[in-house]
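Before any comments, here is the structure.
The values are calculated or read from the model by the stated rules, or taken from the named source; none is laboratory data. Not measured: the values here are computed from a predicted model. Counting neighbours? That spans all protein chains shown, and the Cβs are built from the backbone with ideal geometry, glycine included. Please note that ligands, DNA and RNA were not included when accessible areas were found on the heavy atoms of the full protein model with its side chains. Shrake-Rupley method; radii C 1.70, N 1.55, O 1.52, S 1.80 Å.
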Amino acid sequence: MLRRSVPVVAIAIVLTACNPSGFGPATFDSIAVDTTLAPTTTSPPASTTTTAAPPPPSDVADLLGLGDSLYPELGNSGYEVNHYSVDLTFDPEPKTITARVEIEATATQPLAAFSLDFIGFDIADITIDGDPVSFTRQDGELIIEPNATITADQQFVTAVSYTGTPAPIVSQAIPIEMGWRTDPTGINYVVSEPDAGRSWLPVNDHPSDKATYSFRITVPDPLVAAANGVLVERLTDLGWATWVWESAQPMASYLATVVIGDLEITEDEASTATSGVAVRNVLPDGISSNSLAVLDKQGEMLEFFADVFGPYPFDAYGIAVVDGFESALENQTLSIFGTYMVESPRLFETVLVHELAHQWFGNSITPTDWGDIWLNEGFATYAEWLWIEHTEGPAAMAATVGGNYRQMGLASDLDPPGNPPADDLFNASVYVRGGLVLHALRSEVGDDAFFEILLTYAAEYRNGGVRTADFIELSESVSGQDLTDLFDSWLYGDELPTLP
Ligand code: ARG
Ligand code: ZN
C-alpha cells in the first residue's frame, strides 16, 4: 500500500541541487556571503554627535560572534535581544524598503561597543534610547558605539532606520538564494534558514538569541502583507495599508518572515474547530482542488501532533505558497511552500506534516548550535513516519523506515547526522539518519518511554533552546536506561548502525 520509501524533503533538496535552474551542486564548496553590498563607514551628521569622543570599541572584536561550532562568526555576544519591532514599508515599484527596526536588548556585560548582523541597505541613522550614536560597518557586522558605556544588565533600545532594495544572499550552508526573494509572479517573501535574517533586518542572527517580534508592514493597497504570528489590525491610509502582526512567543531570527503580494488570507474554520488552533493560510489564486483538499488536513495533523508532542506552542498556524521556491521552510506560525511542493498531493501531505512538526521541533525548541540541526530535521522526518503510522498503520510505517534505511545505506559518503558539514548543512543524513536515531531510540526504550520522552522534551524545552546533550540526558532520565552507545553510534559513528 505504501509506495514512497524515500525521504521526500531530502530528495527535494537533492533535486534542487541537480536542477540546472538551481544554484549549483550540493557539493558546492564554501560560498562566501557577498558583503560588498554593505556600505563602508557611515557616521551620523556632525550636529548629532556628542562632544565627548566616543569610547573606543577596543573589546568589540571579542563580541563579533557566538562561537557556533559551524558558523562561529554568526550572532553577537555581550547582550540578549528581548524584542524586535519591525516597522517596514515596501514599495514593489521600484522594489524598495524603508524601515525602522527597534531592538530591545539587555546587556550581559559592560558594552563600550556592540554589533548586530546586517547586510546591505543605506542606514539613515541609529539611536540608542533615542540618542543618535555613531556606527561602522564591516563584513556583515554593524558595529555600534553608544555615547556612554552600557552597563551590565542594562536594558537599552537600539533603533536602526534604513532604506534600499532588498536582495537575497547565498550562505555557506546551502547553495540556494535565501533572505528576501521575489517570485516570478511578483510575490515578495523571506526565507532565511540558517543565516539570511541579516539580509533584511539588523539582528542578532543566531538561534541561541530568540526574541519576540512585532511587525508593522506597509504596502500598497490592496496587496496583502503577512508576517509571523497573529494579525492584530490592518489600517489604510491614502492607498497604503499597514498590516500589524504580533509574534508573542520567542522566535529565532531565521524564522522571521513577511509574504507580500496579490494573495488571500483564508481562515480554515474546519481545521480551527478540529484543532483549537487558529488556522489561516496565505494563498495565491490557482491552487488545484486536489491540493486544497490536502491542505484541509492541517486540522487533523495539528490534533494528532498535539496528542503526541503536547499542546501546539504558538497562537496561530498556516502556510503561505509562493512560486519558484525550491523547497519549503517552517517559518514560525507561517510555513512557506514553493508551488512545486504543493502540486503533488502525496508530496504536499508529507511536507505539510514535516513543516508542522518543526513548529515544535526547531521553532519552539530551538537548537542553540547549528551543529545540532538533526534535532530539527531528524524530528520533522520522524514526524512524517509517525503520520504514516497514524494514517496507514504500523506496516506502512515499517516499510517507510526500511526504505529510508536502505537509502542511507547507499549514501555512505555522508557524514553522520551529529556532525554535519558547514557547507552542506541540510544533507540527507541529517534528515534520514536523524529520523532513524529516533526509530532506534523507540526500539530500545519501548513505546511507553519513547512517547513519554517526546512529551517531556517538548514541555521542558518549550520556547527555549536546547543542545543534543540535553535530549540524550532527558531520554536517559525518562527511560532509566544508559543510552550512550545508542546515541554515539547513530549520531556520530562513521558506519550506519544495524536497523533494530
Ligand atoms: N528546515 C527546512 C525544511 O526541511 C530546510 C530547507 C532547506 N532549505 C533551506 N533553504 N534552508 O523544511
Ligand atoms: Zn525540515
Discussion item. Given a 1.4 angstrom probe, I'd like the percentage of the accessible area of the chain that is carbon and sulfur, rounded to a whole number.
Written reply: 52
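Top to bottom by accessible area (1.4 Å), largest first, where do Arg467, Arg442 land?
Accessible-area ranking of Arg467, Arg442, largest first: Arg467, Arg442.
Counting only helical runs of four or more DSSP H residues, what would the 222 nm mean residue ellipticity of the chain come to if each run contributes -39,500 (n - 2.57) and the total is spread over all its residues? Write down the numbers at each step before the final one.
On the way: 12 runs with 135 residues, N = 500.
Theoretical 222 nm ellipticity from helices: -8000 deg cm²/dmol.
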Worksheet item: Tally Lys/Arg at +1 and Asp/Glu at -1 over every other residue whose Cβ is under 9 Å from the Cβ of Ala211; what's the total?
Response: -2
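Note the full-extension length gain between Asn147 and Ser443 as 0.36 nm times their separation in residues minus their Cα-Cα distance, in nm to one decimal.
Result for the pair: 100.6 nm of gain on full extension.
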Worksheet item: So what J values fall out for the range 388-395 if you push phi through Karplus, 6.51 cos²θ - 1.76 cosθ + 1.60 with θ = phi - 60°, rounded to Hz, Gly and Pro as x?
Response: 5, 4, 5, 8, 10, x, x, 5
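Taking R0 as 22 Å, what FRET efficiency do you get between Glu233 and Asn463 from their Cβ-Cβ distance, rounded to the nearest 0.05? Spell out each step's value before the answer.
On the way: r = 25 Å, r/R0 = 1.13.
Using R0 = 22 Å, I get an efficiency of 0.35.
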Worksheet, complete the sentence: Calc'd 3J(HN,Hα), the range 323-339, phi into Karplus 6.51 cos²θ - 1.76 cosθ + 1.60 (θ = phi - 60°), Hz, glycine/Pro = x, comes to 8, x, 7, 6, 7, 9, 9, 7, 2, 4, 6, 8, 5, 10, 10, x, 4
Worksheet, complete the sentence: Checking rank on 246-256, 92-102, with mean other Cβ inside 10 Å and highest first, the result is 246-256, 92-102
Worksheet, complete the sentence: PRE zone check, label point 7 Å out along Cα-to-Cβ of His83, amide N under 16 Å, scope the range 152-181, hits 155-160
Practice prompt. Name the residues whose placed amide hydrogens come within less than 5 Å of the amide hydrogen of Ser134, ignoring near sequence neighbours (fewer than 5 apart) on the same chain.
Written response: Glu145
Fill in: Folded to 0 to 90 degrees: helix 434-445 orientation relative to the chain principal axis, Cα
50
Response to the item:
Sorted by chain and number, the residues with a modelled amide H under 5 Å from that of Asp125, at a separation of 5 or more or across chains, are Ser161
Discussion item. Compute the angle between helix 447-460 and the longest alpha-carbon principal axis of the chain, please, reported from 0 to 90 degrees and rounded to the nearest 10.
Written reply: 10
Worksheet, complete the sentence: The relative contact order of the chain, taking Cα pairs under 8 Å that sit 6 or more residues apart, comes to a percentage of 14
Response to the item:
quick note, the chain, DSSP beta bridge pairs, % antiparallel (nearest 5) is 80
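Beyond 33 Å, what percent of the Cα pairs of the chain remain?
Values: 46806 of 124750 pairs.
Across the chain, Cα pairs with separations above 33 Å total 38 percent.
What whole-number value in Å² describes the accessible area per residue of the chain for a 1.4 Å probe?
Values: 18700 Å² over 500 residues.
Averaged over the residues of the chain, the accessible area is 37 Å².
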Fill in: Part-to-part distance (alpha-carbon centres) for the range 438-463 and the range 110-138, which is given in Å
44
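Can you bin the range 322-417 into rounded, prolate or oblate? Criterion: square roots of the alpha carbon gyration tensor eigenvalues sorted a ≥ b ≥ c, rounded for a/c under 1.5, prolate for a/b above b/c, oblate for the rest.
In terms of gyration-tensor shape, rounded.
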Practice prompt. Specify the angular offset, from 0 to 90 degrees and rounded to the nearest 10, of the alpha carbon long axis of helix 298-309 from the longest principal axis of the alpha carbons in the chain.
Written response: 80
